[in-house]
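One structure is given here, and the rest of the page talks about it.
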Amino acid sequence: MKALVWSTVRHERHALVRDLAALTAEQWTAPTACAGWDVHDVVAHLVDSAKATRIGFVRDMIAARFDFDRQNALGVARERHDDPAQTLAAFRAVVERTSTPPAPIATRLVEAFVHGEDIRRAVGLTGDYPPDQVAAALEFQLRTTVKMGGGRERADGLRLVASDATVDTGSGPEVNGSALALLLAVSGRPVRPDELTGPGTQALIGGNP
C-alpha cells in the first residue's frame, strides 16, 4: 500500500509540474477553491507539504500555536517566491520526496488529487487520475472529521456510489458520480452541476463553499 501511494504521488507531482510549466503569469494568480489562495499559493503549499517531516511538522505547529490554518499560512509564506518560475523550480525539486508529517499515508493522496484539482480547475485544465487511488483518498476522507481536514460529517446520512470505482458506502439518499467528484465534494470543494446526480446531491454539496 505504502509503495503504491508514493508511486501515485510522484506520478501526480510530475504531471502537475508539466501543467504548471505551461501557465501564463495571469493564470498563476487565478483564485482557487482554497479560500484566500491563488494558484501560486497552492503550489507553495504543495512544496511545503512535500518537504514536511514529522519533527518539522511538530516544530511548525508549535510556532503556529497549534492552529492548522496559521501553520499552513506560514508554510506558504516560506515557500512562495516572488517569481512563480522559482516556486515551480522548488516544486520540481521535491517531486520524488517521500517525507511526510505525522499523518496517515492516505493524506498524501488527498493532497495530490484535491490540490491538483484546485489548481487545474482554477485555470481550466483537466486532470487524469487513477480511479482506484482516488477512491482510497475518498474512503480516507469519509473516515476523517471536517475538523481534521476530512469530510465525514458532510456525507453523514448519505449513500455515495462511484461510477468508476468500487465505492458504495453509507446509507440514505444516494449521490452518484465519479470518485473524483465525490472526493472533491466530501472535501468541501465545489463541483460542476453535471458531476453529481441523485436525491442526496444537494445535501452533500449544499454546505460547501
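The values are calculated or read from the model by the stated rules, or taken from the named source; none is laboratory data. Only a predicted model underlies this, so the values are computations on that prediction, with no experimental measurement involved. Heads up, the Cβs are rebuilt from the backbone with ideal geometry, glycines too, and the neighbour counts pull from every protein chain shown.
Miscellaneous remarks
- Top-ranked residue of segment 24-70 - restricted to ones that are over 18 Å from residue 9 (Cβ atoms) and aromatic (Phe, Trp, Tyr), ranked as farthest from the chain's Cα centre (by Cα): 66
- Unique match (being closer than 19 Å to residue 149 by Cα and of a type in the set (Ser, Thr, Tyr)) among 49, 7: 49
- Among the conditions (1) touching a strand residue (DSSP E or B) at 6+ places or on another chain (Cβ under 9 Å); (2) among the hydroxyl-bearing types (Ser, Thr, Tyr); (3) exposed (fewer than 15 other Cβ atoms within 10 Å of the Cβ), the only one that residue 166 does not satisfy is (1).
- Checking each residue in segment 67-89 for being crowded, with 19+ Cβ neighbours inside 10 Å and closer than 17 Å to residue 19 by Cα picks out 84, 87, 88.
- The combined condition, being touching a residue at least 24 places away in the same chain (Cβ under 8 Å) and surrounded by 16 or more Cβ atoms within 10 Å (Cβ to Cβ), is fulfilled by residue 40.
- For segment 11-31, the count of residues that are surrounded by 12 or more Cβ atoms within 10 Å (Cβ to Cβ), within 28 Å of residue 143 (Cα to Cα) and in contact with a Ser or Thr (Cβ under 9 Å, 6 or more places away or on another chain) is zero.
- Selection within segment 127-138: residues that are in a helix (DSSP H, G or I) and of a type outside the set (A, V, I, L, M). The member of this set that is farthest from residue 23 (Cα to Cα) is 132.
- Residues located in segment 112-135, provided they are free of Cβ contacts under 8 Å to residues at least 60 places away in the same chain and hydrophobic (A, V, I, L, M, F, W, C): 134, 135
Per-residue answers, yes or no, for (1) part of a loop (DSSP other than H, G, I, E, B); (2) at pLDDT 95 or above; (3) not assigned by TED's automatic domain parsing to the domain that holds residue 185:
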| site | (1), (2), (3) |
| --- | --- |
| 95 | yes, yes, yes |
| 99 | yes, no, yes |
| 115 | no, yes, yes |
| 125 | yes, yes, yes |
| 140 | no, yes, no |
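- Within segment 154-209, strands (runs of 3 or more DSSP E) holding 1 or more residues that are at pLDDT 95 or above, in contact with a Leu (Cβ under 7 Å, 6 or more places away or on another chain) and among the hydroxyl-bearing types (Ser, Thr, Tyr): 168-170
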